[in-house]
Amino acid sequence: MFELNAYLPILLMFVVAIVFAVGNVALSQVVGQRKQTRTKLMPYECGKDPVGSARERFSVKFYLIAMIFILFDIELIFLMPWAVVFRTLVTNGLGTLVYVEMMLFVALLLVGYVYVLKKGLFNWSESARREAEAEGRVLAEMDSRRQAQRAPVTRAA
Amino acid sequence: MQQYLLTILILLPVAGAIALAAHGLVAPYRRESHYRWIALGFTIATFALSLLLLSGGIGEDATGAFKFVQNVPWIGAIGAGYHVGVDGISLWLVLLTTLLMPIAILSSWNAVEKRSLAYYASLLILEGAMIGVFVALDLLVFYLFFEASLVPMFFLIGVWGGQNRVYAAVKFFIYTAVGSLLMLAGIIALYFIHAQQVGFGTFDYVTLFEALREGRMTIGARPEFWLFLAFAIAFAIKVPLFPFHTWLPDAHTEAPTAGSVILAGVLLKMGTYGLLRFNFALFPGMSRYFAPLMITLAVIGIIYGALVAMVQPDVKRLVAYSSVSHMGFVMLGLFSFTEQGMQGALYQMLNHGVSTGALFLLVGMIYERRHTRMIADFGGLAKPMPLFATFIVFASLSSVGLPLLNGFVGEFLIMLGMWNSGFDYAWIATMLAATGVIWAAVYMLWMLQRVLFGRVTNAHNARLPDLNAREIGLLAPLLALMLLMGAYPQPFLNRSRGSVEQVRVRVAAPHTGGTFTAGVDKSSNVTGDR
Amino acid sequence: MNLSLAFQLMAQPDVNFALILPEVIVSIAGVLVMMVDAFSRRADQRWATGGLSLAGLLGAAGACLWLWSGGAGERVTAFNGMVVLDRLRLSFTLVFIIVSALTVLISMIWVERERLPAGEFHSLLLFATAGMMLMASGGDLVIVFLGLEVLSIATYVMAGFRRTDTRSNESSLKYFILGSFSSAFLLYGIALVYGGTAVNTPGGISAGTTNISEIAARLDDGMYPPLIFAGAAMMLVGFGFKIATAPFHVWTPDVYEGAPTPVTAFMAAGPKAAGFAAFMRVFLFAFPFAVAATGTATSAQVHAAWLGALSVIAILTMTVGNVVALVQRNVKRMLAYSSIAHAGYALVGFVAAGATGDATQQSDAVAAVVFYLLAYALMNLGAFAVVTMIARGGDRRTEIEDYYGIGFRAPVLSFALSIFLLSLLGVPLTAGFMGKVVVFREALSQGFASGNQLLVALVVIGVLNTAVSVYYYLGLIVAMFFRERTTEWSAPRVPASISVTLALTVLGVFYLGIFPGRVIDAFRSVQTTAVTRLK
């Protein structure tokens, strides 16, 4: 069915890449010389001393914006081919149908846009404060709950 | 009216339960005491209506045909119909049910104080289901009522029962439910056998019976073997036949008085009724094949029940074990396949309902006064409670089978039937069963002696109040029945003769199709083939 | 498929909006609920969004019945075979609508109690419903998959709806990961089948197909049959995950226990039924009983393979569900295992439908399965409605101990729950009993007619499993009515929406249990050309 021979170079490249990567790391482990000082073990931040923890939480807003971006991005992917074949379709007498369908699609996206707008997604300053406070409350509550759970155990011990 | 009477009989108690619930939920002015009056009213109305069945001409001809028949399609998609009717076999059982029900409710008049709405509702639903079991002529409908009767009984034992009620209730439910699931499989299998051979599937008992009788439908030996077992195990658990009896002492002992009365008086009869109605009529070949085994188990049950009853320290448990023994007699009579035996068995079912019901009522009355049922706690009760003593002696003698009382007629007919049954070694079974009567006399009279006579050993017992008017009133009809049925059994037996004969002819005749030979363990054939 | 062919198809696009009216109505209702959510104050939302959802579902039900009355006996397709209209679809669609409407009723009080955004919940529910409907109506694997994803994504969110509760989060994450995993299986299976259905034609090698009846027609002409086997196996696993069959059930108890109770109720009834709809659609019609084929033909072999595998799965599912449920102490977990067991019973009907080549018998068996799932949905939703009330805020009280002695203190809730439990157990006069009877009846009917011992064995195992299940269903009733409670407890006030739910489900359970005839008859269709071998 398939002519697998054609794929041989790709396979070879995979093998070479793996051997090269693994081999170099392994080699440096074997021949490299190491002195572990405090400074060398610090995370690298452009030569500056690191500030705070690297495991920082991002506001959920970032992800939401990213997701909305993807949505509108994909809308374009749908619109492009539609635009390309639209003329042919019109000549085939399907213009109205296809036009209405696409407008419906755009309208639905608009509904989504209005929804996130009204939900205050782009209203950063105030909602961010509120959200941060709410999150803080939840975290504090979880902490106290955890402590409450731990407390009797230690007493028993 | 004729054709709706049975449906009304089933639905009237259920309507009573709904009325109770409605009263409990919406009536602006209500008291706990209202519930028992409502329940009593509905059960008495049901009883009164059920007396109309006597006017239907059942048993006046020899055909034993069903009367008061209502037959309407129910679920077209699966070929089930709603088919009810009464013949000589079920007539008395329906009347027994409707008679015992008001008595059971009267017996719990003061005994049940908490949650009385649910209590009386359970009893009423139970009544509807029990009547349904006895009049159903569609196998699916029968199964439906058979199972539906479980649920209220489960609640009666579990909520209003004694110390160990949870265990007893769960055991009761699981035993009976598991047993009847097998029967459901059997019912559906019958449906398909009929569908294959006749062209359409049916759950209708009459159709199946006619098809089998006229040879339009034959069940092969192997399927019949399994079908018989599927039905018989379900019924044997309910009866209960000897190895399946272990739920009964627990359930009887833990149940409230009314529950015990209904359990012993009616629910156990569902098993023997089912055997007579369905196993004998639909699987006659296998009924004959299994008869030796069943007879053996019945005899074991008679003697085992009596012996265990003898050593019970608890009066209620004693009566419960005596039930195992008495139901053994019923099984013995059924499997004799003779007219006397089967008629006697049917009669004995009624007797057992009446006498054991009365005994449970009496035990309940004494329990209400003393809150104990231990024989050792009593002694000399005849002095403070002469009426109670008279009644319990009367009921015990009836249960033992004293001539001129009802028990005698049934047991005599059964043993006569067994003797004439023509089975090999039938005389051994008869003799052994006869010793059961002697054992019964021993344990009953010994119990009476310890409870009633002698000096009053326990100071608590010295000033017990005797039976009051309500208690006398609810026992009186039962005692009257014992006398009537013992002295003049003919009207009762006449009504059932034709219907029993229909079944007997089927089951006693040498079976044409599918005698069982190949590949069966012959060792299960205990008395017959030696 | 080259470009000119594509244009040719588009030239007759076979658009028929009437055929997808129920889906359209539900989707529009979902969008409207979103808008109400966005433009109204939160305090007013519960009744507005709940009422709007109910109205939308009612409209969809109306559309569904309208389609039904319009001669649904004949199988109609639209959108070039993407959407089909037959009894399988319509009866399932009605089940979905009933499930969603009851879930809306249960959730109305719950969203307020838990201070959750009602609008979001209800719109998600409506989108999930639209997804379920698409799964039942898809005539093409792509539509089935799209429906599944729409449903799944909405359900993932709903499972984690109580954001501050770690159990809910865990449930959502587990469901998401394992659900995506199963979707991947399904998608991979679809891809393999697509590859396997490429056929050699005079004009060169054609493309594969994802159209369900087209797959059935091409089974024997595929160029490399192992692809089809592998694809069918993958899809079996994918659907098996979705309807929680053993051995693909391990996610169920954790997810059902952790998710908010109304969501659990919905998941156990709705998506499970949707999974069955798609599962049956795909396997009964894409890999059908090959009437004309010889035993060595690919179609016959694929059919034999999946039917055998499904029978084993059915046995495992019934047994695992019931046996493990015996030892559960948490009511939601117990009901989760019970839902696994019930999927097993329904599978018996599915196997019966697969074992026959006769269109009428098959349609009867499918109707039995739908009836079973409808019955299960009613009793399950009712039971969960009671569990929601007993659990109180935060779903905290769901252990068996929390049910001790509540029987006569909350009589309405307890008696309703008892009825549902008895129905789940299969006590006569209830829907559960009738469901079992019709499903087992179909299996036995096939078994006796064709001498197929396997089907008889399935029924026997089903009956034995019912016997096992007596113990744990009874256990809860015993806890409610027979045990004494030692701790303080006061009965929760039953709000109107829950009362309506309970009344509807109890009536439904009894109606289906006592007068099931009309419903079963309606689900059956005599004319459906069920076995479509388009050759």
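The values are calculated or read from the model by the stated rules, or taken from the named source; none is laboratory data. As the structure is a prediction and not an experimental result, all values here were calculated from the model. Positions of Cβ are backbone-derived with ideal geometry, glycine not excepted, and every protein chain shown enters the neighbour counts.
List of remarks:
- Selection count, region B:40-79, where residues are buried (at least 21 other Cβ atoms within 10 Å of the Cβ), part of a helix (DSSP H, G or I) and touching a Ser or Thr at 6+ places or on another chain (Cβ under 8 Å): 3
- Index of the failed condition, A:Val106 passing every other in (1) closer than 20 Å to A:Phe69 by Cα; (2) free of Cβ contacts under 8 Å to residues at least 24 places away in the same chain; (3) more than 9 Å from every other protein chain (Cβ to nearest Cβ): (2)
- Of C:Phe176, C:Phe161, all but one fail to be within 30 Å of C:Pro117 (Cα to Cα) and either over 28 Å from the mean Cα position of the chain (by Cα) or not in a helix (DSSP H, G or I) (or both); the exception is C:Phe161.
- Residues being of a type in the set (Val, Ile, Thr) and part of a loop (DSSP other than H, G, I, E, B) - total across region C:300-347: 1
- Hey, C:Gly451 more than 10 Å from every other protein chain (Cβ to nearest Cβ) and either within 20 Å of the chain's Cα centre (by Cα) or surrounded by fewer than 19 Cβ atoms within 10 Å (Cβ to Cβ) (or both) or not: yes
- Among the conditions (1) more than 17 Å from the chain's Cα centre (by Cα); (2) surrounded by 24 or more Cβ atoms within 10 Å (Cβ to Cβ); (3) within 11 Å of chain C (Cβ to nearest Cβ); (4) of a type outside the set (A, V, I, L, M, F, W, C), B:Gln196 misses just one, which is (2).
- Within region C:161-180, the set of residues being among the hydrophobic types (A, V, I, L, M, F, W, C) and modelled with pLDDT of 90 or more comprises C:Leu173, C:Phe176, C:Ile177, C:Leu178.
- So B:Ile10, is it surrounded by 20 or more Cβ atoms within 10 Å (Cβ to Cβ) and at pLDDT below 85: no
- For region C:391-409, residues that are of a type in the set (Gly, Ala, Ser) and more than 13 Å from every other protein chain (Cβ to nearest Cβ) total 2.
- Condition met for B:Ile187 (under 19 Å from the mean Cα position of the chain (by Cα), farther than 18 Å from C:Leu424 by Cα and more than 8 Å from every other protein chain (Cβ to nearest Cβ)): no
- Any hit, region B:151-173, residues being more than 10 Å from chain C (Cβ to nearest Cβ), within 22 Å of C:Ala457 (Cβ to Cβ) and not charged (D, E, K, R): no
- For the condition under 23 Å from C:Met267 (Cβ atoms) and within 13 Å of chain B (Cβ to nearest Cβ), C:Leu425 qualifies.
- Applying the set (1) away from chain C (no Cβ under 14 Å); (2) over 26 Å from C:Ser27 (Cβ atoms); (3) surrounded by 10 or more Cβ atoms within 10 Å (Cβ to Cβ) to A:Arg55 leaves exactly one unmet item: (3).
- Residue that is modelled with the highest pLDDT, among those in region C:112-160 that are surrounded by fewer than 24 Cβ atoms within 10 Å (Cβ to Cβ) and farther than 26 Å from C:Phe185 by Cβ: C:Glu120
- Only one of B:Glu60, B:Glu113 that is of a type in the set (Asp, Glu), away from every other protein chain (no Cβ under 14 Å) and more than 18 Å from B:Leu9 (Cα to Cα): B:Glu60
- Restricting region B:367-385 to residues that are assigned to a loop (DSSP other than H, G, I, E, B) and charged (D, E, K, R), the residue that is surrounded by the fewest Cβ atoms within 10 Å (Cβ to Cβ): B:Lys383
- For region C:370-390, the condition of being more than 23 Å from the chain's Cα centre (by Cα), more than 12 Å from chain B (Cβ to nearest Cβ) and buried (at least 24 other Cβ atoms within 10 Å of the Cβ) holds for at least one residue.
- Residues that are surrounded by 14 or more Cβ atoms within 10 Å (Cβ to Cβ) and outside any helix (DSSP H, G or I), drawn from region A:91-115: A:Asn92, A:Leu94
- Selection within region C:413-429 - among the small types (Gly, Ala, Ser), under 20 Å from C:Asn322 (Cα atoms) and buried (at least 24 other Cβ atoms within 10 Å of the Cβ): C:Ser423, C:Gly426
- Residues satisfying the stated conditions in region C:390-429, i.e. of a type in the set (S, T, N, Q) and either touching a strand residue (DSSP E or B) at 6+ places or on another chain (Cβ under 7 Å) or over 30 Å from C:Ser490 (Cα atoms) (or both): C:Thr398
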